[in-house]
Amino acid sequence: MGRVVVGVAVGLATVACAVAAAVVGGRIRSRRKWKRVVRVLREVEEGCESSVERLRQVVDAMAVEMHAGLASEGGSKLKMLLTYVHNLPDGTDKGTYYALDLGGTNFRVLRVHLHDQQPSVLEHEVQQQPIPQHLMTSTSKDLFDFIASSLKEFIEKEEDGPELALDRRRELGFTFSFPVKQMSVSSGILMKWTKGFSIVDMVGVDVPACLQEALIRKGLDMRIAALVNDTVGTLALGHYHDSDTVASIIIGTGTNACYLERVDAIIKCQGLLTTSGYMVVNMEWGNFWSSHLPRTSYDIDLDSESPNPNDQGFEKMISGMYLGDIVRRVILRMWLESDMFGPISSKLSMPFTLRTPMMAAMHEDDSPDLREVARILKDILEIPDVPLKLRKVVVKVCDVVTRRAARLAAAGIVGILKKIGRDGSGGITGARRSDVKMKRTVVAIEGGLYSSYTLFREYLHEALNEILGEDIAKHVILKVTEDGSGVGAALLAASHSSSDVDTVQLL
Ligand code: BGC
């Protein structure tokens, strides 16, 4: 009997020891996993470091590259493209003009009325629709037939029926937001695609000619009076409302900037003459590159797996097309190193499953238990039951990636201001701040990242203040324009309409 009791006691003790060992082992393992998650987080934070000192280096690099891109063709990754827009609309044009806006996730058709009143009044109707995914990689004919049909439907609807709609010639501004080498304000060839578009037969082809052919196929009599980048449309509308507007920025699916440059500074195009002495230059800043940019292994992987490796490096760190995917890559690394997010979800390894608006929603989740974060992880990435402390890590990752993007965009803006002598430093020659009288400087801005993502906007403003100092920054105003890329194109169509042609001369 006694032996039985001893045996049971020994057995129980062994079980207890095993349970205790398992519990302790489990804790140690989970502590180790947690440490790995924290290590990945720390590495991302370090990799995305964007101190004001580093941002100032980016500012200088941007200004230097702008000079290089203006000095010679191919002199910099910044293409600094001529737009042949040299007089920005000032409210004197009247009439009704159309615009097509193609370049991001959505496609817009607009009708803009410039009323014969003083002060000038502008009204517009707009119709927006997503671009069907398959058209982004199809043929130019498919894409432009779709665009021309949408335009035709819009005109018929807006002008009370097909008969009235199709019997007179209309002027059209065409916003095409990709790098285009322009030959005039209304012609230009596509240099390359960005933002996931890839229609091979269009590269090297005259873009308005493709549209014109599709308009003819649909029986629409329209003259493409202006071909503009979205930044240029935004600058045109910004300047129309506020003549202190000197530059414009887009931070949406893609990112870019344009600004008013003195014609004599465009050295690569000797003999260029314009009535104003200025020309709008489309920087294509998405392609900016500098060794000062804080780049992580996630950026390198994203770039090498993209359809355009080594291109659009700045855009891939800043714009809405990519931010969500950088965050997804970090979460995936955390999973690979620690498996703390539970069983692997195939969605987590799938590029672009986490779109930037979803990432922003997680970042801005202010519920105490981060309910929205849990929902998005479950519904979009198919990772259920993520514990609260891991959800907090996810929010932190969103914060790090977004903060870096916003701060780099701010540095880019100051780079432009520096190039045109509006950063309070006396430009690239660096006169003393106290010698410089700051002019009111307006930068028109558009794109969902800036207008709909509060934390992004706040980080961008904070960085502008840090780089410029508050005394200078107060003279720099970022103004959101509404539908600027499209409305601005219609304004430019008006100022370049057949009745109102003003040419640029090449001596
Ligand atoms: C394009 C630019 C465009 C920007 C914003 C970039 O990918 O190259 O032309 O302005 O996106 O839409």
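Computed from the coordinates by the stated procedures, all read-outs in this text should not be read as laboratory data. Since this is a predicted model, take the numbers as computed values, not measurements. All Cβ positions, even for glycine, are placed from backbone atoms using ideal geometry, and neighbour counts span all protein chains on display.
Side notes on the structure shown:
- Pair Arg29, Met136: separation of 7 Å Cα→Cβ label points (nm): 4.1
- Relative packing of 80-86, 212-218, 407-413, which averages over residues the other C-beta atoms within 10 Å, highest first: 407-413, 80-86, 212-218
- Shown is the FRET efficiency for Leu336 and Arg375, computed with R0 = 22 Å from the Cβ-Cβ distance and rounded to the nearest 0.05: 0.40.
- Stretch gain in nm, segment Glu158-Ser367, where the contour uses 0.36 nm per residue and the Cα spacing is subtracted: 70.8 nm
- Separation in nanometres of the label points that stand 7 Å from Cα toward Cβ, at Thr275 and Lys474: 3.9
- Helical content alone sets the calculated 222 nm signal of the chain at -14500 deg cm²/dmol, taking -39,500 (n - 2.57) per DSSP H segment of four or more residues and averaging over every residue.
- Amide H within-cut-off set for Glu261, under 5 Å, with H built and near neighbours excluded: Met279, Val280, Val281
- Label separation (Asn106 vs Arg42): 4.4 nm, computed from points 7 Å beyond Cα along the C-beta direction.
- Exposure proxy for Tyr298, Tyr322: other Cβ atoms within 10 Å of each Cβ, ordered fewest to most, give Tyr298, Tyr322.
- The range 43-188: mean projected area of Cα convex hull, nm²: 14.2
- Size check on the chain: the Cα extents along the three principal axes, sorted descending, read 115, 62, 40 Å.
- The charge dipole of the chain, taken about the Cα centre with unit charges on the Cβ atoms of Lys, Arg (+1) and Asp, Glu (-1), comes to about 2640 debye, rounded to the nearest 20.
- At least 15 Å along the helix axis (C-alpha) and Kyte average at least 1.0, DSSP helices within the chain: 484-495
- 37 °C / 0.692 mPa s Stokes-Einstein diffusion coefficient of the range 104-157, Kirkwood radius on C-alpha pairs, µm²/s: 255
- By average C-beta atoms within 10 angstrom, highest first, the peptides 414-425, 391-402: 414-425, 391-402
- Across the range 262-359, Cα-Cα pairs farther apart than 15 Å form 69% of the total.
- Each distinct pair of alpha carbons in the range 162-309 adds a 1/r term; the inverse of their mean, the Kirkwood radius, is 17.8 Å.
- Per-peptide average of other Cβ atoms within 10 Å, ordering 105-111, 68-74 highest first: 105-111, 68-74
- The P(r) of the range 298-414 has a tail past 17 Å containing 54 percent of all C-alpha pairs.
- Between the range 336-380 and the range 218-278, the Cα center-to-center distance that results, in Å: 39
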